[in-house]
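Okay, structure first, notes after.
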Amino acid sequence: MRAHPAGPRHGDVSHPVGAPPQPHSTEASLELDRQIWPQTAFRAAESGSIVLGGCDVRDLVTQYGSPVLAMDEADVRARMSGYREAFDDPASPAHVYYAGKAFLSTRFARWVGEEGLRIDVCSAGELACALRAGICGEQLLMHGNNKSMDDLEAALSAGVGYIVVDSFEEIARLGFLAERDGVRPRVLIRVTLGVEAHTHEFIATAHEDQKFGFSLATGDAAEAIRRVLALQDRLELAGLHSHIGSQIFVSSGFEVAAARIVGLLADVRDEHGVELPLLNLGGGLGIKYVSADEPPDVAQMAEVLREIVARQCANLGLAIPELAFEPGRAIVGPSTITVYTVGTVKPIALDAGGVRTYVSVDGGMSDNIRTALYDAEYTVTLASRVSTAELTLCRVVGKHCESGDIVVNDCWLPGDLTAGDLLAVAATGAYNRSMASNYNLIPRPPVIAVRDGESQVLIRRETLNDLFATDVG
């Protein structure tokens, strides 16, 4: 049974023999699905190599080395503006916060601001990056289930727009700091609603076994609201926050979640005589990693979410609150590809018969932990040329000393694949570089933005000197 992308798994678990449907031809396998690959990606007519943002991936590897994460600037900016426009309804105001945990760099944060989005951060480091980019503190929202005193002090010093409180201890800490510093930060209560949504399914339960937020079912959410209101001379309770899952393709989970959290808004009104002005529904909208994925249309989903909240509020006699959303993966995920160089090609006979070919590349779990961690699926293709060779079942693996070091579990690649060929893996913009490590003391790869035939470094490649900079010897 394959693990769900939102759940944990051990990196050394072996995988069942299986494969996606075999393309009807090698030529078909080399086609680039427009919903999976960045908007400007195409194959050059003569060489057959992939071109992204007007830059041939072979040239990017020559200039920046391999592996390299190449980000289509036009693509990611279009997704940012698309989200802004989808939720920009004067009749139902909404703010879009880009979820910085998906990927963040100084220049990228500037793009977010230029496209009219805000940023949600979940550490002092992400906060510092956003501030370094010139993002005003008012345009920031701070998450985190275990914010330290240093984290909270940094948030207060920066004047962040909202702090999402996640524990009773945090309420006390924040109240102490606010009184000490003579400030009154706006806070949201993160509520766990007993709704967990992923892909086409959702589960609604009374209780949630997770580290985030205050449980609605146990009454902790209501108690958190009471405690913040008891400190209203130091803390301003601005609203509620919820987040129900990831890779969400349908709105049914939001329907149940909205009913529950709007019900809590009504409870606040009835108990405290206060109608909270803001409702943040988090993020989680999915993207297309493989051909079977069916992500929602952003504009249509935005309209559905507005209608859901409006209907629930009307049922309970509430004014419609200002809304906020936090897309991350859906903005940066499809914009980026990772280009690897093939090092070895090793056919392995299987017990059940047949052969699986292990294709080793010069990266792996240090630049993409998601396959080992979540059994995530990706689309991969030969990137430096075309081929008419018969397709063969392959597993793309990394160079790390770990049996679970897998980039793509099962895929069909041309049988003439050889050392020196380039492979491109699509939709690697979210949670790849941001979750990268130095396992086996391997420097992390660069992130290169491409547009109109020009390239620029967002994050440079690490060197061995970088790795040893903190090693006191």
Just to be sure, is Thr418 touching a residue at least 24 places away in the same chain (Cβ under 8 Å), within 18 Å of Gly343 (Cβ to Cβ), of a type in the set (S, T, N, Q) and in a strand (DSSP E or B)? no
Is at least one residue of segment 390-406 part of a loop (DSSP other than H, G, I, E, B) and under 30 Å from Ala45 (Cβ atoms)? yes
Give the residues of segment 264-282 that are out of contact with any helix residue (DSSP H, G or I) (no Cβ under 7 Å at 6 or more places or on another chain) and over 18 Å from Ser92 (Cβ atoms), sorted by residue number. Arg269, Asp270, Glu271, Gly273
Scanning segment 435-452 residue by residue, those under 17 Å from Val339 (Cα atoms) and outside any strand (DSSP E or B) turn out to be Ala436, Ile442, Pro443, Arg444, Pro445, Pro446
Just to verify a result, which residue in segment 351-360, among those that are among the aliphatic types (A, V, I, L, M) and surrounded by fewer than 23 Cβ atoms within 10 Å (Cβ to Cβ), is modelled with the lowest pLDDT? Ala352
Could you grab me the full set of residues in segment 394-441 that are surrounded by fewer than 20 Cβ atoms within 10 Å (Cβ to Cβ) and aliphatic (A, V, I, L, M)? Leu417, Ala419, Met435, Leu441
Show the residue pairs that are 6+ apart or on different chains and have beta-carbon atoms under 6 Å apart, the first residue being within segment 124-144 and assigned by TED's automatic domain parsing to the domain that holds Gly159 and surrounded by fewer than 23 Cβ atoms within 10 Å (Cβ to Cβ), the second being among the basic types (Lys, Arg) and part of a helix (DSSP H, G or I). Ala133/Arg110
Run Val274 past the list (1) among the β-branched types (Val, Ile, Thr); (2) modelled with pLDDT of 95 or more; (3) under 23 Å from Met71 (Cβ atoms) and report the number of the one that doesn't hold. (3)
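Residue under question is Ile225, and the condition is that it be in contact with a helix residue (DSSP H, G or I) (Cβ under 7 Å, 6 or more places away or on another chain) and closer than 19 Å to Leu141 by Cα; does it hold?
On the way: in contact with a helix residue (DSSP H, G or I) (Cβ under 7 Å, 6 or more places away or on another chain): yes; closer than 19 Å to Leu141 by Cα: yes.
Judged against the criteria, Ile225 is a match.
Looking only at residues in segment 361-389 that are farther than 21 Å from Leu30 by Cβ and outside any loop (DSSP other than H, G, I, E, B), which one is modelled with the lowest pLDDT?
Tyr374
Quick check on my filter: what residues within segment 350-381 are aromatic (Phe, Trp, Tyr) and in contact with a Leu (Cβ under 6 Å, 6 or more places away or on another chain)? Please lay out each step first, then the result.
So the first thing to find is which residues in segment 350-381 are aromatic (Phe, Trp, Tyr), and the list is 358, 374, 378.
The answer is none; no residue qualifies.
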Name the residues in segment 294-303 that are of a type in the set (A, V, I, L, M) and surrounded by 16 or more Cβ atoms within 10 Å (Cβ to Cβ), would you? Val298, Met301, Ala302
When both residues are 6+ apart or on different chains and their Cβ atoms are under 8 Å apart, which pairs have a first residue that lies in segment 91-104 and is assigned by TED's automatic domain parsing to the domain that holds Glu115 and among the aliphatic types (A, V, I, L, M), and a second that is modelled with pLDDT under 95 and in a loop (DSSP other than H, G, I, E, B)? Ala94/Asp88; Ala99/Gly283
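Among the residues of segment 69-85, is any under 28 Å from Thr392 (Cα atoms), modelled with pLDDT of 85 or more and within 26 Å of the chain's Cα centre (by Cα)? Working first, answer last.
First pass over segment 69-85, keeping only residues under 28 Å from Thr392 (Cα atoms): 69-70.
With modelled with pLDDT of 85 or more added as a condition, the list becomes 69-70.
Checking which are within 26 Å of the chain's Cα centre (by Cα) leaves us with 69-70.
Yes, the conditions are met somewhere in segment 69-85.
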Counted residues, segment 444-473 - those being charged (D, E, K, R) and under 19 Å from Gly65 (Cβ atoms): 6
Within segment 312-322, identify whether any single residue is charged (D, E, K, R), in contact (Cβ under 8 Å) with a residue 60 or more places away in the chain and either touching a His at 6+ places or on another chain (Cβ under 9 Å) or not assigned by TED's automatic domain parsing to the domain that holds Asn438 (or both), and answer yes or no. yes
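The values are calculated or read from the model by the stated rules, or taken from the named source; none is laboratory data. From a predicted model like this one, the values you see are computed outputs, not experimental measurements. Every residue, glycine as well, gets a Cβ built from its backbone with ideal geometry; the counts of neighbours run over all protein chains shown.
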